[in-house]
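Structure first, then comments.
The values are calculated or read from the model by the stated rules, or taken from the named source; none is laboratory data. Remember, it's a predicted structure, so these values are computed and weren't measured experimentally. When we count neighbours, we look across all protein chains shown, and the Cβ atoms used for this are built from the backbone with ideal geometry, even at glycine.
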């Protein structure tokens, strides 16, 4: 799953930083100028309506309005029919600033959409509206005091995902190299030195090495796609392709790697089922794999699938000797 909200957040924070610098002379931050713009465009609106429009809680809105009042940019007027209702208006100073804010907004819009066709711009606008409406549902739900159930919600949405397994061939070597680099980096870089990681990546996933592995008749690669997007891959070995001397009735799972954005969505289980299916087709009696002793998540994953610890072997990450645990599943 692509992290769309992270991209949107990066855009918003960059624009915030720009605006905070450019509007510094007015003691106006991006958060505050959003309120001023809405008030200028909707004179006489009430605070509750403004909070709903910007999608913030009432306390946050009240704080922002108080700051705008203190800076002489906004003032309140009593409703002539109900003195309890306070309507919001921009002051003369606020009205003078508004055109400059509007120009900044239009300019930032042009910068963000530079290089996009009119059709692409329309598509982005339509899709973002859909995203906004999806988020608004949860905003309304939470605003009423409810709490979202992340675990069940993720499972529900995961069930809607279409996961397919397909063979990876020589024609797919570029995709294989790319996902190999990405998933190994995501899995191990934080716990190892950059030098050792880079050394291993170059050694294990260079094009000639992958090409040799793809041509090996005793090795097979498979891709897992989620809604037609590459999410992970599997490599299995039999007979002399196995990385340790094992009996002929064994099949090795050398790699199951899933992109971080697709983890905990059942992709790994799909790839394991593919390996199990092939092992049974080949009349293998056991499956085995090596997993780094510090990779607790992977160890727990394989234990749930019925693998047991049966040994260990040394493994080199660059110039550092590490220990892989040997885990075996039998019978199949």
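Is it the case that residue 222 is out of contact with any strand residue (DSSP E or B) (no Cβ under 6 Å at 6 or more places or on another chain) and surrounded by 15 or more Cβ atoms within 10 Å (Cβ to Cβ)? Can you show your working first?
Numbers: out of contact with any strand residue (DSSP E or B) (no Cβ under 6 Å at 6 or more places or on another chain): no; surrounded by 15 or more Cβ atoms within 10 Å (Cβ to Cβ): yes.
So residue 222 does not fit the description; no.
If you go through the stretch 70-87 one residue at a time, do you hit one that is closer than 30 Å to residue 179 by Cβ and without any contact (Cβ under 8 Å) to a residue 24 or more places away in the chain? Give the derivation first.
First, pick out the residues of the stretch 70-87 that are closer than 30 Å to residue 179 by Cβ: none.
So far as the stretch 70-87 goes, no, none of its residues is closer than 30 Å to residue 179 by Cβ and without any contact (Cβ under 8 Å) to a residue 24 or more places away in the chain.
Which count do you get for residues in the stretch 268-323 that are more than 22 Å from residue 249 (Cα to Cα) and either surrounded by 14 or more Cβ atoms within 10 Å (Cβ to Cβ) or in contact with a strand residue (DSSP E or B) (Cβ under 6 Å, 6 or more places away or on another chain) (or both)?
The initial filter retains those residues of the stretch 268-323 that are more than 22 Å from residue 249 (Cα to Cα), namely 268-270, 292-301, 304, 314-323.
From what's left, either surrounded by 14 or more Cβ atoms within 10 Å (Cβ to Cβ) or in contact with a strand residue (DSSP E or B) (Cβ under 6 Å, 6 or more places away or on another chain) (or both): 268-270, 292-293, 295, 298-299, 301, 314-315, 317-318, 321-323.
The qualifying residues number 16.
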Restricting the stretch 153-201 to residues that are outside any helix (DSSP H, G or I) and surrounded by 14 or more Cβ atoms within 10 Å (Cβ to Cβ), the one modelled with the lowest pLDDT turns out to be 161
Pairs under 6 Å by beta carbon, first residue assigned by the TED database to the domain that holds residue 325 in the stretch 303-314, partner loosely packed, with under 12 Cβ neighbours inside 10 Å, six or more apart or different chains? 314/321
Sort out which residues of the stretch 269-318 are in a loop (DSSP other than H, G, I, E, B), under 32 Å from the mean Cα position of the chain (by Cα) and on the phi < 0 side of the Ramachandran plot, and write them in order of number. 293, 294, 295, 305, 307
Write out, first by first residue and then by second, each pair whose Cβ atoms fall under 7 Å of each other, whose residues are 6+ apart or on separate chains, and whose first residue, in the stretch 242-265, is over 17 Å from residue 302 (Cβ atoms) while the second is modelled with pLDDT under 90 and assigned to a loop (DSSP other than H, G, I, E, B). 261/1; 261/2; 261/3; 262/1; 265/161
Out of (1) more than 24 Å from residue 133 (Cβ to Cβ); (2) more than 37 Å from the chain's Cα centre (by Cα); (3) surrounded by 14 or more Cβ atoms within 10 Å (Cβ to Cβ), the odd one out for residue 45 is which? (1)
